[in-house]
Amino acid sequence: MDLSIIQKSKRQNLIRSTYKLIEKLFYIHTIKKISTEALNEKLEKLKTLLKSINTQIEDLNSVIIQRQDTDKELYVLINEHLLYHGYFETSKKFVKEFEIEKYNDYSFFKEMYETKQEIYNGKFDKVLHFCKEYKTTLKNMTIPIKNEYLTTFIKLNIHQNKENHTEFNCSDIENMFRVQEYIELCKNCKYKEAMLYAKETFCKNTFLIKPFLPLLVCRDVSTLKDQISNNYDLLVYIYSKSLYKIHKLSFESRLTRLVECGLIATKTRFCEKNKNMKCPGCMPFLMDLAAKLPFYKREQSILLCKGLDVEMNDRNQPYMFDSGYVYSDLYISETGHLFICKVTGEICEKKPRRCYFV
């Protein structure tokens, strides 16, 4: 299992963005948008930038090498799951307890969590920096969007993919945060600043800000309550999913995915009819996760004795009582061969019939 996914994707993004920067620099010089003198000045600055990027790549390579082999994969996955869900203090103790410091991506998830909190507080400096840093990558990227977020706020930024699922085009992610920044100015009664911001930011894309211009007139955010009520959740959702996809991470932790695979392999239609606490799909703390998963196409079951709840097989033969219920040889022995049906409470007069496996 790859324990350096984040580091490898960061390295790849650094290399890709550097290549794009150099390519763009020489292109604008080729079409004579900048002079040779200006190009030379920019190349000098580029040298300094390349040194910094090279240092970052070396640091990432060092981490990747350290994480190549481990016999603590399960602990690493548990810690990753804790970080996915924001249990940072628990993660610190867990990492220390099981000595997996070099496999810890604490800073990555902590920064993401802080950025999400800032979005909820109406601050967008960090997330706009993210948009700028990954602008090239976001341009050609889409993420699935939940139906609950299909509001007028993003109606111009979605499309249907080949599977007829709704997707959001991440090339518009920066515009969405800019719109929300304008709304925040209006909410804080900074109308003059909001007008100037809208004029400077959306002069080429007026259709993005048009639905929210009434905020300057009525000066009452409640008039657009239906349109902006879910904005924060939506923006956090899009930021999180974009960040995960850029770094080749799944939308759920890998531990969750592994548990889901195990549940799919054991979940049958009997899980809904007859609960058995030895079955993973029937366990209370896994039922919510199992509910959204498909049933396993091929059902492989075992025979359990109604009396002792033990498996019946060639070594523990099954016997059918007159009541119609099947009990094991071991159960019959433990009850003194009285042939008591545990379900009905009756004593069967006839000797049970032996069952055979076909």
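Calculated translational diffusion coefficient of the chain (10 °C, 1.306 mPa s; Stokes-Einstein with Kirkwood radius over alpha-carbon pairs) equals 61 µm²/s.
Placing pseudo-labels 7 Å out from each Cα toward the beta carbon at Y191 and T206 gives an inter-label distance of 2.1 nm.
Starting from the alpha-carbon convex hull of the range 302-358, give the projected area averaged over all orientations, in nm². Please list the in-between numbers first.
Working: hull surface 14.4 nm².
The Cα convex hull of the range 302-358, projected and averaged over all directions, gives 3.6 nm².
Charge tally for K116 (other residues, Cβ to Cβ under 12 Å; Lys, Arg +1; Asp, Glu -1): 0. Among the DSSP helices (H) of the chain, those spanning at least 20 angstrom by Cα along their long axis with an average Kyte-Doolittle hydropathy of -0.5 or more are 5-30, 36-66, 173-187, 231-246; this is a geometric and hydropathy rule only.
Going down the table (K110/K248; K20/K248; K241/K275; K93/K241), which pairs top 25 Å between alpha carbons?
Details: K110/K248 18 Å; K20/K248 20 Å; K241/K275 36 Å; K93/K241 27 Å.
Beyond 25 Å between Cα atoms: K241/K275; K93/K241.
Label zone (L258, point 7 Å along Cα-to-C-beta; backbone nitrogen cut-off 13 Å) within the range 55-87: 70-82.
Tell me the mean residue ellipticity at 222 nm calculated for the chain from its helices only (DSSP H runs of n ≥ 4, each -39500 (n - 2.57), averaged over every residue, nearest 500).
Using -39500 (n - 2.57) per qualifying helix, the result is -16500 deg cm²/dmol.
Label sites at T266 and Q160, each approximated as a point 7 angstrom past Cα along Cα to Cβ, lie 4.0 nm apart. Based on Cα contacts under 8 Å between residues 6+ apart, the chain shows a relative contact order of 12 percent. Using every pair of separate Cα atoms, the Kirkwood estimate puts the hydrodynamic radius of the range 1-103 at 16.6 angstrom.
Under the convention that each Lys and Arg Cβ holds +1 and each Asp and Glu Cβ holds -1, the size of the dipole of the chain around its Cα centre is about 1140 debye. Ordering of 26-36, 111-121 by packing is 111-121, 26-36, highest average first (other Cβ atoms within 10 Å, averaged per residue). With pairing defined as another cysteine C-beta under 4.7 Å, the cysteines of the chain that fail it are C131, C170, C186, C189, C203, C218, C261, C271, C305, C341, C348, C355.
A short reminder: the numbers here are calculations on the coordinates, not readings from a lab. Given the structure is predicted, the values throughout are model-derived calculations rather than measurements. Neighbour counts are summed over all protein chains in view; Cβ atoms, including those assigned to glycine, are modelled from backbone coordinates with ideal geometry.
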